[in-house]
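The values are calculated or read from the model by the stated rules, or taken from the named source; none is laboratory data. None of these values were measured; they are calculated from a predicted model. Here the Cβ positions follow ideal geometry from the backbone for every residue, glycine too, while neighbour counts run over all protein chains shown. Heads up: the accessible areas ignore ligands, DNA and RNA and are worked out on the full protein's heavy atoms, side chains in. Shrake-Rupley method; radii C 1.70, N 1.55, O 1.52, S 1.80 Å.
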Amino acid sequence: MSLTSILAAEAIENAVKDCQAPDSFCYKKFFQLCGLSSKTPQEIKDVFQILDGDNSGFIEESELKFFLQRFVPGARTLTEAEMKSFISAADDDSDGRIGVEEFQTMVLS
């Protein structure tokens, strides 16, 4: 399964282009632009599994750094501040990583 089997390639490209500048990544805007926020909980879970590179059931900070590159190879990495902001917005149980339920809640909020 690939991200483009769930999300339109053009929408993904637009979302990544919108946050090309360092420290311009806003997860809410990104999820809206790429179309993820209008997907079903199962589709969001499928996207989570693609983003969970080591299949641990969590998206850790090391995976978040390359978040945009999972959507578009060659995209920039997230800055330290963007990663911290992303995790703190989603990490309801304060374990320093994002689980699938936390990701679904974040995308749909």
* Being closer than 22 Å to MET1 by Cα and open to solvent by 80 Å² or more (accessible area, probe 1.4 Å), is that true of even one residue in the range 76-94? -> no
* Right, ILE44: open to solvent by less than 60 Å² (accessible area, probe 1.4 Å), in contact with a Gly (Cβ under 9 Å, 6 or more places away or on another chain) and of a type in the set (A, V, I, L, M) or not? -> no
* **Cross-chain or 6+ apart pairs with Cβ under 6 Å, the range 18-45 first and farther than 17 Å from MET83 by Cα, then among the acidic types (Asp, Glu)** => LEU33/ASP18
* Of the residues that sit in the range 31-41 and are touching a Leu at 6+ places or on another chain (Cβ under 8 Å) and assigned to a helix (DSSP H, G or I), which one is surrounded by the most Cβ atoms within 10 Å (Cβ to Cβ)? -> CYS34
* Selection status of ALA90, small (Gly, Ala, Ser), modelled with pLDDT of 95 or more and under 17 Å from ALA15 (Cα atoms) -> no
* To do: Count, please, the residues in the range 1-30 that happen to be touching a Ser or Thr at 6+ places or on another chain (Cβ under 9 Å), open to solvent by 40 Å² or more (accessible area, probe 1.4 Å) and part of a helix (DSSP H, G or I).
  => 3
* Asked: Has the range 51-62 got any residue that is free of Cβ contacts under 8 Å to residues at least 24 places away in the same chain, part of a helix (DSSP H, G or I) and farther than 14 Å from VAL107 by Cα?
  -> yes
